[in-house]
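A.B. asks: What follows is a structure written as structure tokens; I'll ask about it next.
Read the figures in this text as sums done on the coordinates, not as results from a lab. Model, not experiment: these values are computed from the prediction. Using ideal geometry, Cβ is built from the backbone for each residue, glycine included, and neighbour counts are taken over all protein chains shown.
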Amino acid sequence: MRRFQRADQLIYESALERADKADMLTSMAILSGLVSDELPLELVARRRDLMIESAAYDIIKQAGRQAGLEQGICQGVLNAIAFGLDLRFGAAGLRLLSEIHKIEDVGLLRAIQQRLRTAQTPTELREIYRE
């Protein structure tokens with residue numbers, strides 16, 4: 001049995017309070033991610049029933065949701081920009097997409113989306129993110 005699995009088993013079978021076990025296993029999963037991508041996944045798959053009681057697990061879950069939400073918003077704005085570029089400027093506008101897709105600032109993406117309404121040329125639109 002690997003040391004990792006042995007440590008997991010010792011914590012899980014210990015006489016510690018459930019909340020302490022949950023926190024220890026969650027911490028172990030986080031720290032194991034420093035040495036392996038598979039170990040945290042393995043631990044969560046095996047001990048999720050207990051780890052979901054950990055405050056740290058809740059924080060990680062909320063952070064993941066927030067990151068997913070931000071990524072979804074960013075993707076939605078990028079899709080709207082692509083649609084607007086195609087409608088306003090056709091192929092010439094769509095050439096800007098490779099540059100615009102590199103932008104991670106949602107505020108800047110929204111500014112580009114708003115400017116699409118009044119920009120007369122793709123170059124004029126490019127000025128927003130080249131400044």
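A.B. asks: Count neighbours as other Cβ atoms within 10 Å of each site's Cβ, and list the trypsin sites (Lys or Arg not before Pro) in the range 41-131 that are DSSP loop with at most 16 such neighbours.
C.D. replies: Here the trypsin sites (Lys or Arg not before Pro) that fit, given the DSSP loop and packing criteria, are ARG95, LYS102, ARG117.
A.B. asks: Moving to a separate point now. Could you calculate the contour length gain from THR121 to ALA45, that is, 0.36 nm times the residue separation minus the distance between their Cα atoms, to one decimal place in nm?
C.D. replies: Once the chain is fully extended between THR121 and ALA45, it gains 22.1 nm.
A.B. asks: Another question about this same structure. Tell me the relative contact order for the range 1-113 as a rounded percent, counting alpha carbon contacts under 8 Å between residues six or more apart.
C.D. replies: Relative contact order of the range 1-113: 19 percent.
A.B. asks: Related question: Under the rule a/c < 1.5 gives rounded, and otherwise a/b versus b/c splits prolate from oblate, where does the chain land using the Cα gyration tensor?
C.D. replies: Here the chain falls in the prolate category.
A.B. asks: Across the range 44-52, in residue order, what do the Karplus-derived ³J(HN,Hα) couplings come to in whole Hz, using 6.51 cos²θ - 1.76 cosθ + 1.60 with θ = phi - 60° and x for Gly and Pro?
C.D. replies: Using θ = phi - 60°, the values come out as 5, 4, 7, 10, 3, 3, 8, 5, 5 Hz.
A.B. asks: Now for a different question. Which of rounded, prolate, oblate describes the range 3-53, given a ≥ b ≥ c as roots of the alpha-carbon gyration tensor eigenvalues and a/c under 1.5 marking rounded, otherwise prolate only if a/b is larger than b/c?
C.D. replies: In terms of gyration-tensor shape, prolate.
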